[in-house]
Amino acid sequence: MGNVILIGFMGCGKTTVGLRLSYRLRRAVIDTDKEIEKEEKRAISDIFATDGEGYFRDKETACLQKLIESTSNQIISVGGGLPLREENRRLLHELGQVFYLRAKGETIYERLKDDTTRPLLQGGDPLTKIETLLQERDSYYRAAADVVIAVDGKSFSEILDEIEKNIT
Ligand code: S3P
């Protein structure tokens, strides 16, 4: 398989790091959110609003199963909630080496405070929502990860250097 997989909370930089890493390593990049939106022909916020979170989570598992059949030596960035399912964590390990981009609540808040595309952060106080979800999720991200990269205060090139150094 040999893929490099990026996991972490919404707004931790998975998509941008994935794109830049793809240029640097000359490997294709795939994003599970984009794959699901393409297949469903609608935005994630529409999927959540119409069919609910459970439907979306099943699509995430199906997407990983498809990647297992088809993908090697690529960069894969995954939605922030995907590693919470045990089956998904198992599939991630099968797919390749998993990097957790770990960011603090304030960093994420600064990036996402005006975002309207993440259904889980809409309504109410976003910082409290971010802090609560982060606390709930950190141990799942750690359980899924082979390498943890602390991203707060680092430039993208520093983050890429750290990932590249750790690729086995
Ligand atoms: C989610 C994260 C989003 C997207 C969906 C749910 C989550 O992806 O999959 O809105 O549960 O954290 P990003 O991490 O790319 O924002």
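Tabulated data
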{"quantity": "Hey, LEU120 part of a helix (DSSP H, G or I), surrounded by fewer than 16 Cβ atoms within 10 Å (Cβ to Cβ) and under 15 Å from the mean Cα position of the chain (by Cα) or not", "calculated": "yes"}
{"quantity": "Hey, GLY52 crowded, with 16+ Cβ neighbours inside 10 Å and within 13 Å of the ligand (Cβ to nearest atom) or not", "calculated": "no"}
{"quantity": "Residues being part of a helix (DSSP H, G or I) and touching a Pro at 6+ places or on another chain (Cβ under 9 Å) - total across the stretch 83-107", "calculated": "2"}
{"quantity": "Restricting the stretch 58-73 to residues that are more than 21 Å from LEU101 (Cα to Cα) and either of a type in the set (D, E, K, R) or within 10 Å of the ligand (Cβ to nearest atom) (or both), the residue that is surrounded by the most Cβ atoms within 10 Å (Cβ to Cβ)", "calculated": "LYS59"}
{"quantity": "Set MET1, MET10: member being aliphatic (A, V, I, L, M), more than 14 Å from the ligand (Cβ to nearest atom) and in a loop (DSSP other than H, G, I, E, B)", "calculated": "MET1"}
{"quantity": "Every pair of residues 6+ apart whose Cβ atoms lie under 8 Å, when the first sits in the stretch 68-97 and is within 20 Å of ARG20 (Cα to Cα) and modelled with pLDDT of 95 or more while the second is assigned to a helix (DSSP H, G or I) and small (Gly, Ala, Ser)", "calculated": "ILE75/GLY18; ILE75/SER22; ILE76/GLY18; SER77/GLY18"}
{"quantity": "So ILE76, is it within 15 Å of the chain's Cα centre (by Cα), within 13 Å of the ligand (Cβ to nearest atom), more than 14 Å from ILE7 (Cβ to Cβ) and not charged (D, E, K, R)", "calculated": "no"}
{"quantity": "Qualifying residue in the stretch 29-47 (condition: near the ligand (Cβ under 8 Å from one of its atoms), surrounded by 14 or more Cβ atoms within 10 Å (Cβ to Cβ), in contact (Cβ under 8 Å) with a residue 12 or more places away in the chain and assigned to a loop (DSSP other than H, G, I, E, B))", "calculated": "no"}
{"quantity": "Residue check for ARG24: assigned to a helix (DSSP H, G or I) and touching a residue at least 40 places away in the same chain (Cβ under 8 Å)", "calculated": "yes"}
{"quantity": "Condition check for ASP31: under 24 Å from LEU112 (Cβ atoms), at pLDDT 95 or above, more than 16 Å from the chain's Cα centre (by Cα) and acidic (Asp, Glu)", "calculated": "no"}
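The values are calculated or read from the model by the stated rules, or taken from the named source; none is laboratory data. Since the model is a prediction, treat every value here as computed from it, not as a measurement. Methodologically, a virtual Cβ is constructed for each residue, glycine included, from the backbone with ideal geometry; neighbour enumeration extends over all protein chains shown.
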